[in-house]
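K.L.:
Below are the structure tokens for one structure; questions will follow.
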Amino acid sequence: MKRILATICLLASALIADAAGEKLNYGLTPQIMNIQGRQLTCLDGDWKAIVDQFENGYYDYRLAPMADNRAFFADNSYWRNPKRLVEYDFDTDMSLRVPGDWNTQMEKLYYYEGTIWYRQKFNVEPKPDKRYFLYFGAVNYEAIISVNAEQSVKHTGGYTPFNFEVTDILRQGENTVVVKVDNKRKPEGVPTVNSDWWNYGGITRNVYLVETPKAFVRDYSVQLKKGTDNTVEGWVRMDGATAGQTVTVSIPEAKLSAQVTVDAQGYGSFEVAMKGKKEHLRLWCPEDPKLYDVEISTASETVRDRIGFRTIEARGNELYLNGKKIFLSGICMHEEEPYAPSGRAWSEDHARTLLGWAKELNCNFVRLAHYPHNENMVRVAEEMGIMVWDEIPVYWTIHWTDPDTYANAENQLVDMITRDHNRANVIIWSVSNETPRGDERLAFLTRLIDKAHEMDPTRLVSSAMEKEYVDAQGTHATCVDDLAKVADLMSFNQYIGWYDGNKEKADKVYWTFDINKPVIISEWGGGAKFGYHGESDIRFTEEYQAELYEANVRMLDKMPGLAGSTPWIIKDFRSPRRQLKGIQDDFNRKGVISEKGEKKQAFYILRDWYATKK
Ligand code: GCU
């Protein structure tokens, strides 16, 4: 009964959320998918910036929001006319690099949580037969944006892309975009106020001006038809099209081409099979990460993408890729630069280094925790044959009964799936991490899992749950979360040897599960400071971490239904919860690699274990 009530209150509150959605996002346009395949002007570089801790540039002294032409969006300058009372000036203030977090760019911003205003000027000669959008890869956490101090737009959520149309407000020549970025943590936020990672604020990913035809292909799906290896199916979604317009989807190397006629909503679907009876597609897999050139064309544009074709299935407690049983030899990652200053990662180079380390570990899988990483990570992993667990930051003590919190979580889930749904290497969508069990939480997460299944029936959907002991003395372990009945996997975190007993405990624990689903240990491990050596019973020595890994590997090798493992974590990362001077120094030390790229003893133990899984 309690669960039914929880579901009813959540559904009822969802109606309120739609009305209250304004608090989270307004003025945005649906996400333009495959942004790299579009006509782009990159706005990355040094932006002018103003720290505004009391949001004086947005609220008046009675805390009422000011009109855009009076707020800092107006980009006034005192020095252009000192006879007017203007108390800010972008031109004479500081600069910040975009993409990038502000915390690692300036000592005085290391701990800063609040508003910083960014301004960039750019030149464009808008064409009458084109449309224009501004696209942000991510802004943490809330962005309010105005171009030429016209109607502002808002986006909430620190790890997903968003765009809005600027066709009617662009001027010939110089234009100005001003962004109010606020990274303050909020109890009702997603994530909420407590997390074990640094709250990096800023415009943390690429910014583009996008030029499109009046009617353009905004999104599309091109997938292998389940149960075949020679048939491709999918859909296209145009923006600004009229019913009857045609789109051609072609894969030249496979000699496949389909004509799609869109309806009044710009939507059309297709299915096309290879001609020859014996012909089939080369299916994407870690050993052969084959990507096909795909062209989506209309009379006025051709959008190019590189797409892999594969199937992923759970059969009982086993995982199958293209009909072949697989083990996910993985590692967890935060989105942090591989080397100093260890701020937010965003570039292809960052991705190649981090994923190169995963390959050295003999990994075929990475858990991108605890939020969607930049698109470079997903696409470089796809090229390298590394499968991906993609996750939204529904983390720890989220507000389960707040309709805005649910709407925010669902927005971020939809944005993540929209961006990555054509990536063959993404095999798991995750809706949460380590959330405390309860009826409201189960209703909240079940709704997210249903939404993910509805948007994308081709992938597995799960969450990082938590372990339990069956017996009082803590030797018989399991995971009994009701969420596992709704998820496609039995995936959970366990820290035997670190938070739960000493490293020897792992040799005394055995596991059983009452659900017949593939088991993934989505976190395990312990900490060590690189170069700190001593007796192996001393915490934070490399020796302790190494023996903890050895004991956990022995335990995992005996675990029934184990289909994957992603120890926590590839690299030491910054966290406000790790204050032990001389050992942690604001870094969570559970990495198998230090924040300077130094490999700890545990790295080689994990690498050698995964070598046996090949
Ligand atoms: C948790 C959590 C991680 C955290 C880790 C740790 O399982 O999911 O975000 O960093 O444990 O405590 O190091």
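None of the figures in this text is laboratory data; all of them are computed from the coordinates on show. Just so it is clear, the structure is predicted and the values come from calculations on it, not from any experiment. All Cβ positions, glycine included, derive from the backbone under ideal geometry; neighbour counts span all protein chains shown.
K.L.:
Calculate, in nm to one decimal, what residue 91 and residue 174 gain on full extension: separation in residues at 0.36 nm each, minus their alpha carbon distance.
P.N.:
28.3 nm
K.L.:
Report the label-to-label distance for residue 167 and residue 401 in nanometres (one decimal), using points 7 Å from each Cα along the Cα→Cβ vector.
P.N.:
Placing both labels 7 Å along Cα→Cβ, they lie 4.6 nm apart.
K.L.:
On to the next question. Could you tell me which helices of the chain pass both thresholds, a Cα extent of 30 Å or more along their own axis and a mean Kyte-Doolittle hydropathy of at least 1.6, with helices taken as whole DSSP H runs?
P.N.:
Helices passing the filter in the chain: none found.
K.L.:
Turning to a different aspect of this structure: So between residue 485 and residue 111, what do we pick up on full extension, going 0.36 nm a residue minus the alpha carbon distance?
P.N.:
130.6 nm
K.L.:
While we're on this one: When the Karplus curve 6.51 cos²θ - 1.76 cosθ + 1.60 is applied with θ = phi - 60°, which whole-Hz ³J(HN,Hα) does each residue of segment 480-493 get, with x for Gly and Pro?
P.N.:
The phi angles translate into 10, 6, 4, 4, 5, 6, 9, 6, 8, 9, 9, 10, 7, 9 Hz.
K.L.:
Where does each of 490, 274 land when they are ranked from fewest to most other beta-carbon atoms within 10 angstrom?
P.N.:
The order, fewest Cβ neighbours first, is 274, 490.
K.L.:
Still on this structure: Mind checking which lysines have their C-alpha under 18 Å from residue 451, skipping anything on the same chain fewer than 8 residues away?
P.N.:
485
K.L.:
Next up: Rounded to the nearest 5, what is the percent of antiparallel bridges among the DSSP beta bridges in segment 422-532?
P.N.:
15
K.L.:
Calculate, in nm to one decimal, what residue 70 and residue 608 gain on full extension: separation in residues at 0.36 nm each, minus their alpha carbon distance. Present the calculation step by step, with values, prior to reporting the outcome.
P.N.:
Values: separation 538, 0.36 × 538 = 193.68 nm, distance 6.17 nm.
Gain on stretching residue 70 to residue 608: 187.5 nm.
K.L.:
State the antiparallel share, in %, of DSSP beta bridges confined to the chain, rounding to the nearest 5.
P.N.:
75
K.L.:
Now, a different point. Pop a pseudo-label 7 angstrom from the Cα along the beta-carbon direction at both residue 293 and residue 41 and give the gap in nm to one decimal.
P.N.:
Going by the 7 Å Cα→Cβ label model, 2.9 nm.
K.L.:
Convert each backbone phi in segment 313-320 into a coupling constant with the Karplus relation 6.51 cos²θ - 1.76 cosθ + 1.60 (shift: θ = phi - 60°), then list the ³J(HN,Hα) values in order as whole Hz, x for Gly and Pro.
P.N.:
9, 9, 10, x, 9, 10, 10, 10
K.L.:
For labels at residue 579 and residue 253 in the simple 7 Å Cα→Cβ model, what's the distance in nm?
P.N.:
5.4
K.L.:
A further question on this structure: Determine which lysines satisfy two conditions relative to residue 596: a Cα distance under 16 Å, and not lying fewer than 8 residues away in the same chain.
P.N.:
Here the lysines satisfying the reach criterion relative to residue 596 are 529, 571.
K.L.:
Given a cut-off of 32 Å, name the pairs among 23/83; 184/505; 503/614; 467/613 whose C-alpha atoms lie farther apart than that in the structure shown.
P.N.:
Long pairs (Cα-Cα over 32 Å): 23/83; 184/505.
K.L.:
Enter the Cα centre distance for the pair segment 502-580 and segment 89-147, rounded to the nearest angstrom.
P.N.:
For segment 502-580 versus segment 89-147, the Cα centre distance is 40 Å.
K.L.:
With 10 angstrom as the radius, rank 606, 548, 556, 580 by how many other C-beta atoms surround their C-beta, starting from the fewest.
P.N.:
Least crowded to most crowded, the residues run 580, 556, 606, 548.
K.L.:
Rank the residues 136, 492 as a footprinting-exposure proxy: fewest other Cβ atoms within 10 Å of their Cβ go first.
P.N.:
On the way: 136 24, 492 27.
The fewest-first ordering by Cβ neighbours comes to 136, 492.
K.L.:
OK, next. Could you tell me which of rounded, prolate or oblate describes segment 332-440, using a ≥ b ≥ c as the square roots of the eigenvalues of the alpha-carbon gyration tensor, with rounded for a/c under 1.5 and, failing that, prolate when a/b is larger than b/c and oblate otherwise?
P.N.:
prolate
K.L.:
Another question about this same structure. State the volume of the convex hull built on the alpha-carbon positions of the chain, expressed per residue in Å³ and rounded to an integer.
P.N.:
Looking at the chain, the number lands at 159 Å³ per residue.
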